[in-house]
Amino acid sequence: QVQFVESGGGLVQPGGSLRLSCVVSGRNPDIAIMAWYRQAPGQARERVASISKTGGKNFSDAVKGRFTVSRDDAKSTMYLQMNNLKPEDTAVYYCSNLGGTWPWGQGTQVTVSS
């Protein structure tokens, strides 16, 4: 079983920044592509960023140019640096593999509000 533990969320003003962390624990398979997802109230979960073991990255149009993603496989950790945050970025953020085929963690709440 693989567990994902997200942290780093909080309340931030528009234009601010946050850095989220995702620690993978448990029976840790070789996760080729890890991804960040988010789910706003009343909306479906959406993928916002992904990163492969070789460093290939993809971002949704909504966050492109504002968010960056990185991973440290030695620490079993993935990061999401979020800059120039907007109110529409408010959501619970989750991490998983690409496709989200493992059980979801508890997520970390990001609230962007003045």
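The values are calculated or read from the model by the stated rules, or taken from the named source; none is laboratory data. Bear in mind the structure is a predicted one, so any value in this text is a computation, not a measurement. All Cβ positions, even for glycine, are placed from backbone atoms using ideal geometry, and neighbour counts span all protein chains on display. Accessible surface is based on the protein model in full, side chains and every heavy atom, while ligands, DNA and RNA are left aside. Shrake-Rupley method; radii C 1.70, N 1.55, O 1.52, S 1.80 Å.
Remarks
- Cβ-Cβ contacts under 6 Å between residues 6 or more apart (or on different chains), taken from a first residue in the range 1-30 that is basic (Lys, Arg) to a second residue that is modelled with pLDDT under 95, are listed as Arg27/Gln1.
- Any hit, the range 30-37, residues being farther than 17 Å from Ser113 by Cβ, in contact with a Cys (Cβ under 6 Å, 6 or more places away or on another chain) and among the aromatic types (Phe, Trp, Tyr): yes
- Scanning the range 22-53 for residues that are part of a strand (DSSP E or B), open to solvent by less than 20 Å² (accessible area, probe 1.4 Å) and modelled with pLDDT under 95 yields a total of 1.
- Verdict on Thr77 being within 12 Å of Leu20 (Cβ to Cβ), β-branched (Val, Ile, Thr) and free of Cβ contacts under 8 Å to residues at least 60 places away in the same chain: yes
- Filter result for the condition that a residue is farther than 23 Å from Gln3 by Cα and of a type in the set (Val, Ile, Thr), over Thr90, Thr54: Thr90
- Counted residues, the range 73-114 - those being among the acidic types (Asp, Glu) and surrounded by 15 or more Cβ atoms within 10 Å (Cβ to Cβ): 1
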